[in-house]
Amino acid sequence: PPRALVINDPDFQHEDLNFLSRSQRYEQAIRKSSLMVLKLREYGITDPDEIYWFKSFVHRGRPEPLDLHLGMFLPTLLTQATPEQQDRFFMPAWNLEIIGTYAQTEMGHGTHLRGLETTATYDPATQEFILNSPTVTSIKWWPGGLGKTSNHAIVLAQLYTQGQCKGLHAFIVPIRQLGTHEPLPGITVGDIGPKFGYDEMDNGYLKMDNFRIPRENMLMKYAQVEPDGTYVKPLSDKLTYGTMVFIRSLIVGDSARSLSRACTIAIRYSAVRHQSELKPGEPEPQILDYQTQQYKLFPLLATAYAFHFVGAYIKDTYHRISGDIHEGDLSELPELHALTAGLKAFTSWTANAGIEECRMACGGHGYSRCSGIPDIYVTFTPSCTYEGENTVMMLQTARFLVKSYTQVSSGQQVTGMVSYLNDLSRQRIQPQHVAARSVAVRINDPVSLVEAYKARAARLVEAAAKNLQAELNHRKSKEDAWNRTSVDLVRASEAHCHYVIVKLFTAKLAEISNAAVRAVLTELCLLYALYGISKNTGDFLQAGILTDAQITQVNQRVKELLAIIRPNAVALVDSFDFHDVHLGSVLGRYDGNVYENMFEWAKKSPLNKTEVHESFHKHLKPMQSKL
Amino acid sequence: MALMETGKYSQGSLLGSVNPDLASERQTASFSVEKLTAWLDGGTEHTRLRRAVVEAIECDPVFSRENQYFESQNERYEAAVRKAVHLQKKMDEMGWTENGPEFKALSGDLAFLLHRIFTRSISMLGSDQQIAKWIPLATQYQLIGSYAQTELGHGTYLQGLETTAVFDITTQEFVLNTPNISAMKWWPGDMGRSATHTVVFAQLYVNGKCYGLHPFIVQIRSLQDHSLCPGITAGDIGPKMNFEHIDNGYLMLQNVRVPRENMLSKFCEVQPDGTYVRRGSQKINYFTMTTVRISLILDEVVIPLMKACTIAIRYSVVRRQSKLKPGEQEAKILDYQTQQEKLLPQLAAAYAFYFISDYLQELFDRGYREIQRKNFDMLPELHAFSSGFKAMVTQYSTSAVEICLRACGGHGYSLLSGLPSLYTKIVASCIYEGENTILFLQTARFLIKCFMAASTGQPVPPSVTYLAAVTPEKCPAKNKLDFLSPDIYTEAYQHMAARLINSTAAKLQDLVQSGVKKHDAWNQCTVQLAQAAKAHCHYITVKNFAETVEKLETQPGIQKIMKHLCDLFALHGIFSNAGVFLHDGYISGAQMDMVTASYLDLLAVIRKDAVPLVDAFDFTDKTLNSALGSYDGQVYQRLYEWAQKSPTNKQISPAYERYLKPLLHKTLSKL
């Protein structure tokens, strides 16, 4: 169905969520999700991309309690359940008789999966698994939809059979009674309380005490426990990389989208807001005409475009190689996995800071919930932590970079995005090479800037690898040495990701056939690359990639580009094509009628429900009469 | 020592007994926490007093914060009014004063904070008669005041405010109006629901001539039944990122008349015949803002940052994750270098800003004494400093608190950690009382002026004489230990700040000489100007930290750890802004590697004292109100127990019966 039909569907209307309590927001979300499921069926929508868009219009880009059911529970059944298990669970789940979630994170452990403590002990006598939460820290904590909505969960637990721990495995666990929705005996389940955003989501806790499930409830497409307790190993553990790559690639796309929304609001508002004076005697200018405002917003606009291309690249690459994976060829997976980890961290960190920058660029009104940016921020910011804590992600990328560097040092060639490391050995033979390189950078040529970023990445990877080696030579254990180098390693990963993004953005330019579009995107690409240099001048200067004079030119060129992009700024955010309802912002309205609508919005505030607030009668008046 | 919370949560749980992971951190402190606390407080007597106050407040159930994270906007507002009213009663009983520490201990939860600004603006800007009339009414709470400056269309740029006050000579009144929608007052605290009166800033017109912005006392609600006065439209502006307990309001005025005597007239007056008289500098009208900017640095910024550090650092020694050595127990996350690199610089910054707020307070006190004597010479410097430091400290601390939040992994996002509300609160400080970019540019204007004066040999205030000082062209450091010398790094900061101001001034001059109009030239240099102003404030902060450490010679134990923190603050700044130090070769590439090495070494040194350094801030558990940051470190137990108190677990949600059940049973009507 067309977007307007979904957005204007009377069934999906409700009071502005900003005026509702958490319980009310949860209820609205559940109401809409229930209707959404029925309508999806009615319209016959089954394509995942279409479902995604439908959902995002119904929920206006917000999380909702069925997210984990649709996004994790069903797909996990599809990929990890045996045909028999699919027969038992999939159709009931598809028909929402079973609502499930995915319970991995515990109170004591998140990204470090091996530390999870929940146990599933096989009892051959009854052919059941006994699930337990042995400590407070082992309580499942955070899974979305777990608190109030789900009646089943896929629980990750350490499998014990025949007295041995076989590591983490997934189990389908019923948690609430079908019909009454009451927790089952042995299950303690509830909501984890209010959070920074995610008000409509019932993130939950789950504690299990000797809770028994049949042997057939372990997801056994890969690993298996036979009736007598014999454990059968899965073929490859790299397969789980595939899911992680996929989910992290979604976060990269989400970084682009969330930042684009914030940019749309801030740039439109900056064109509507007039303030102070630029020229004496003239009317107050649009704040978007101030250099400082452009300097805040345009690099973020360029970043939003850059991340958009990066998200598309990862998704395409994943789809390209997932065919190979299916046929057992996993050769490209490690690099993609390492790259995606770093890019997930890089883009979510940058977008997170960028959204806040957009909000602050809207001054005081950005702080009001009517601006919509607080909501974008709180919805997006947890992505720095979920699906892999960002620092840990950066260190995973670093591990791959160091490995590649070591390979090169031992005379092997490496391929893919890290192939620039192959050049390092050649540079060492020519000590003058680095100095000669500096004059070669042409600051108006994106291709030349890609080279500059490449040189920076190479230099920082090399420095980190050498520092790591130096630590290793100093009596340190491997783990200690790694820890003592980790700040350097994160820097190296960041530089690598930054290089990849500039490279992908630049490569994209050649694919644009429309000359006017290519021209404006080339300006954005240059701005992205040059702004990145001006924010990290230390790296480029210290490595001798650019000279003092070139840095001054870069800074100057950034400011010229701001003025060049200025006339197209609103058109560039209009191109993101967010519907007003989806944007959810009074400041970012397409029609720019900001002030009138702020006033209309404020009148609906819960504090304004009565002319005189009850506190007056309860507290103020008695006090005044006593003093 | 922080007061420990016992009883309430401890039945049958571990709460109350200190987590051994946290206890062990306290056994290895290199200094006495109690001594550091006393020094920060300004003496043991101050510490004793502060603790007594906090205890008196925390024993009182009316002031409890127990349900704070679960309340709606309406409930928060009502609680704030209730607490403010109760505080008035307590003040009478206990003999507490308006400026006493009780307010500070409670300010995050109280209504009527703008009432204090209302009172303060009258004492500063009002004539003796006005003070005699209004101040007793205000202190007796016969009226509740607010302070209405910001409008829907204008904030920091005060000249742009559109509200008008026209003098009507026949009735001897001012007629106040909101000429269009963007002129509506918007944001003032306490105005949405509580205030009966407010100080309104409006453009004064007498006989058709505009005299600029002036303050007027305007009654907006009835003192009998609290209904709005004729001509007044007012209400709450709706939910915000935080400050849900405060009724930030809007106000529209339609031909509202106030007597001539309601214009605050210590410095400006309209006489009965319409003659406009000015006494002293017009800038004095902005003096309230300078005062507010300086006091907010400590109360609204540094203290929240200290709280965030306390929570994040305590949690980081309780949280164990992954292994550093095979076969060993999982490591405390604070033992990871990356975690240290996130948190310890923020801790150093909290100390640095605590000291700079002292410095500013002294500067301000000196300036205030001069102004009382009608000497306004220090105003420009005071204004420039309060602007620049407000901007730098709020910006830095905001990102610092966010770093603390994200350093706590998933649990940081729970409101129960206390960190989201610290963040959403501190982040507002980047905007209110002057948007930071504009404030940096005001400081820059002052610095450029001083630079021009200094370079032509004219006298400048002592704080900026460095602009004309001659410094060496190259940093003299030879090895990484040299960078632990305050002289070396202070000089590097000084050189960098002077260079940025100098080069921006030169660029401005070039542009003007090449025919660019002055205002265009200024706009073209604003990015650089803001950077230069920030560099200046950063330099002064480092210098002041180093001087503070130097004065600690009588307390060697504390001096040593403060010196480490000072070094860390300074080197972190160089490490994170390497480009500006490398740019003209003042610091070489090889020296930058030394900076990095020294900086990373310091992390490991300060790591050992991290917990004692936050313990010294001496926040009680109730003040922190954090499941992650309590003194006893019983993090997981507390999270679990607090979560169960969530209304979502107590109230029966209608969602299941209404929507889920029909969905599960396919009885939902088929549209």
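Tabulated data
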| quantity | calculated |
| --- | --- |
| Backbone HN-Hα couplings from phi across region A:533-539 [Karplus 6.51/-1.76/1.60, Hz, Gly and Pro as x] | 5, 5, 7, 10, 4, x, 4 |
| Estimated inter-spin distance, A:Asp329 and B:Lys478, nm [label 7 Å along Cα→Cβ] | 6.1 nm |
| Relative pair counts by distance (%), Cα atoms of region B:603-643, 5 Å bins | 5, 22, 25, 19, 15, 10, 3, 0 |
| Loop-resident sites, region A:1-104, for GluC sites (Glu not before Pro), counting at most 13 other Cβ within 10 Å (DSSP) | A:Glu15 |
| Full-extension gain in nm, A:Ser409 to A:Asn593, via 0.36 nm per residue minus C-alpha separation | 60.1 nm |
| Distance in nm between pseudo-label sites at B:Glu370 and B:Asp225 (7 Å out along the Cβ direction from Cα) | 5.4 nm |
| 10 Å Cβ neighbours from other chains, averaged over peptide A:35-45 | 1 |
| Per-residue HN-Hα couplings for region A:460-467 [Karplus 6.51, -1.76, 1.60; θ = phi - 60°; Hz; x = Gly/Pro] | 6, 5, 4, 4, 5, 5, 5, 4 |
| Sites B:Ala469 and A:Trp53, calculated FRET efficiency, Cβ-Cβ separation with R0 45 Å, nearest 0.05 | 0.10 |
| Relative counts (whole %) of C-alpha pair distances in region A:1-156, using bins that are 10 Å wide | 9, 32, 33, 18, 7, 1 |
| Rg/Rg_globular for region B:441-480, with Rg_globular taken as 2.2 N^0.38 Å and Rg from C-alpha atoms | 1.51 |
| Estimated D of region B:490-565 in µm² per second, where Rh is the Kirkwood radius over Cα pairs and Stokes-Einstein applies at 25 °C, 0.890 mPa s | 170 µm²/s |
| Accessible area in square angstrom per residue, region A:370-415, 1.4 angstrom probe | 35 Å² |
| Protein-only accessible surface order, largest first, of A:Arg459, B:Arg221 at 1.4 Å | A:Arg459, B:Arg221 |
| Heavy-atom accessible area order for A:Leu96, A:Leu278, largest first, 1.4 Å probe | A:Leu278, A:Leu96 |
| Calculated FRET value between A:Ala519 and B:Asp520, using beta carbons and R₀ = 22 Å, to 0.05 | 0.25 |
| Surface/4 of the Cα convex hull for chain B, nm² | 38.5 nm² |
| Scaled radius of gyration (Cα, divided by 2.2 N^0.38 Å) that region A:238-292 gives | 2.00 |
| Net dipole in debye of region A:564-620 [+1 Lys, Arg Cβ; -1 Asp, Glu Cβ; about Cα centre; nearest 20] | 240 debye |
| Two-decimal Rg to Rh for region B:167-243 - Kirkwood Rh, Cα set | 1.00 |
| Fraction of accessible area attributable to carbon and sulfur, region B:196-283 (%, probe 1.4 Å) | 48 percent |
| Zone residues, region B:505-540, relative to B:Thr456, backbone N less than 19 Å from point 7 Å out along Cα-to-Cβ | B:505-515, B:518-519, B:522 |
| Accessible-area ranking of A:Leu206, A:Leu235, largest first, probe 1.4 Å | A:Leu235, A:Leu206 |
| Evaluated over chain A, the Cα radius of gyration and Dmax, each in Å | 27.3, 91 |
| Computed [θ] at 222 nm, deg cm²/dmol, the protein assembly as shown (DSSP H ≥ 4; -39,500 (n - 2.57); rounded to nearest 500) | -17000 deg cm²/dmol |
| Bins of 5 Å from zero: percent of alpha-carbon pairs in region B:516-671 | 1, 7, 9, 10, 10, 10, 9, 8, 7, 6, 6, 6, 6, 4, 2, 0, 0 |
| Amide proton proximity set for B:Ala148, modelled H, under 5 Å, gap of 5+ | B:Val199, B:Val200, B:Phe201 |
| Radius, Kirkwood style, for region B:121-166 when every pair of distinct Cα atoms is counted (Å) | 12.7 Å |
| Built amide H within the under 5 Å cut-off of B:Phe174, gap 5+ | B:Asp168, B:Val258, B:Arg260 |
| ³J(HN,Hα), Karplus 6.51/-1.76/1.60, whole Hz, each residue of region A:174-186, x for Gly, Pro | x, 10, 10, 5, 5, x, 8, 6, 6, x, 6, x, x |
| Distant-in-sequence amide H partners of B:Gly212 (H built 1.01 Å from N, under 5 Å) | B:Leu204 |
| Once the Cα gyration tensor of region B:31-93 is diagonalised, semi-axes √(5λ) in Å | 30, 16, 9 |
| Fraction of alpha-carbon pairs over 27 Å apart in region B:178-334 - percent | 49 percent |
| Potential extension, A:Ala4-A:Asp423 segment - 0.36 nm per residue separation minus Cα distance | 145.5 nm |
| Approximate spin-label separation A:Thr243-A:Leu472, in nm, with each point projected 7 Å along Cα-to-Cβ | 3.3 nm |
| Sites A:Glu611 and B:Asp273 - FRET efficiency at Förster radius 35 Å, r taken between beta-carbons, to 0.05 | 0.30 |
| Chains B and A together, accessible area buried on both sides, 1.4 angstrom probe, square angstrom | 10800 Å² |
| Sequence-separation-based contact order of region A:106-255, relative, with Cα cut under 8 Å and 6+ spacing, percent | 24 percent |
| Surface/4 estimate of mean projected area, convex hull on alpha-carbon atoms of region A:169-290, nm² | 13.9 nm² |
| Directionally averaged projected area (convex hull, Cα atoms, region B:408-560), nm² | 14.3 nm² |
| Cα-based equivalent ellipsoid of the protein assembly as shown: semi-axis lengths in Å, sorted from largest, via gyration tensor | 48, 39, 32 |
| Whole-angstrom gap from region A:435-490 to region A:380-418, using each part's C-alpha centre | 13 Å |
| Averaged over B:220-227, number of beta-carbon atoms from partner chains that fall within 10 Å | 3 |
| Quotient of C-alpha Rg and 2.2 N^0.38 Å, computed over region A:470-514 | 1.92 |
| Average beta carbon contacts from partner chains per residue of A:83-96, 10 Å cutoff | 1 |
| Global size of region B:260-332 as Cα Rg and Dmax, reported in angstrom | 27.7, 90 |
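The values are calculated or read from the model by the stated rules, or taken from the named source; none is laboratory data. None of the values given here were measured: they were computed from a predicted structure. No Cβ is skipped: glycine too gets one built from the backbone with ideal geometry, and neighbour counts run over all protein chains shown. Accessible surface is based on the protein model in full, side chains and every heavy atom, while ligands, DNA and RNA are left aside. Shrake-Rupley method; radii C 1.70, N 1.55, O 1.52, S 1.80 Å.
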